[in-house]
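These notes concern the structure reproduced below.
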Amino acid sequence: MRRFAGVLLAGALFTGAMSAPALAWTYSSMGGQVTVSGPTISLKDTGNDGRFVSTEFKYNSGRSSSGLSNKLGYGNSTSATVSSDITNAKICISNTLSPMDCGSWRY
């Protein structure tokens, strides 16, 4: 019976039936909320302050990076999907006549 179970497990691993779960997490900072599920990131404006939020994020084991802005206004979300799981993100908020303010990286 043990040998049969081992063969079933090996077959499942070979066919990909037991794949690793996608990374999933949520992070709030700077008047925005990032929700990550594997390669998909959503950015919600939670500030209700008239400024827009954006996020910078890393994927491909940190070797690639991208960004996403949300200018839809308070309470609205926007999302993007990349080629591999997103591992890090930071949230930024717009400023009039100066660079954006950014929070810390979430690892």
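The values are calculated or read from the model by the stated rules, or taken from the named source; none is laboratory data. Quantities reported herein were computed from a predicted structural model and do not represent experimental measurements. We place every Cβ from the backbone using ideal geometry, glycine too, and count neighbours over all the protein chains shown.
Details
- Odd one out for Gly62 among (1) crowded, with 19+ Cβ neighbours inside 10 Å; (2) outside any strand (DSSP E or B): (1)
- Residues that are aliphatic (A, V, I, L, M) and surrounded by 18 or more Cβ atoms within 10 Å (Cβ to Cβ) within region 83-107 comprise Ile86, Ala89, Ile91, Ile93, listed in sequence order.
- All positions within region 68-101 that are part of a loop (DSSP other than H, G, I, E, B) and among the basic types (Lys, Arg): Lys71
- Checking each residue in region 34-47 for being part of a strand (DSSP E or B) and surrounded by fewer than 20 Cβ atoms within 10 Å (Cβ to Cβ) picks out Thr35, Ser37, Thr40, Ser42.
- Given (1) surrounded by fewer than 16 Cβ atoms within 10 Å (Cβ to Cβ); (2) closer than 21 Å to Tyr107 by Cα; (3) at pLDDT 95 or above, index of the condition Gly73 fails: (2)
- A Cβ distance below 8 Å, combined with a sequence gap of six or more or placement on separate chains, defines the contacts here; from region 27-45, residues that are free of Cβ contacts under 8 Å to residues at least 24 places away in the same chain and within 15 Å of Ala80 (Cα to Cα) reach residues that are aliphatic (A, V, I, L, M) and surrounded by fewer than 19 Cβ atoms within 10 Å (Cβ to Cβ) in the pairs Ser37/Ala22; Ser37/Leu23; Ser37/Ala24.
- Ser98 vs. criteria modelled with pLDDT of 95 or more and of a type in the set (Gly, Ala, Ser): no
- Within region 95-107, no residue that is farther than 22 Å from Gly62 by Cα sits with its Cβ atom under 6 Å from a residue that is assigned to a loop (DSSP other than H, G, I, E, B) at 6+ positions apart or across chains.
- Residue satisfying condition, being surrounded by 11 or more Cβ atoms within 10 Å (Cβ to Cβ) and at pLDDT below 95, within set Ala17, Ala12: Ala12
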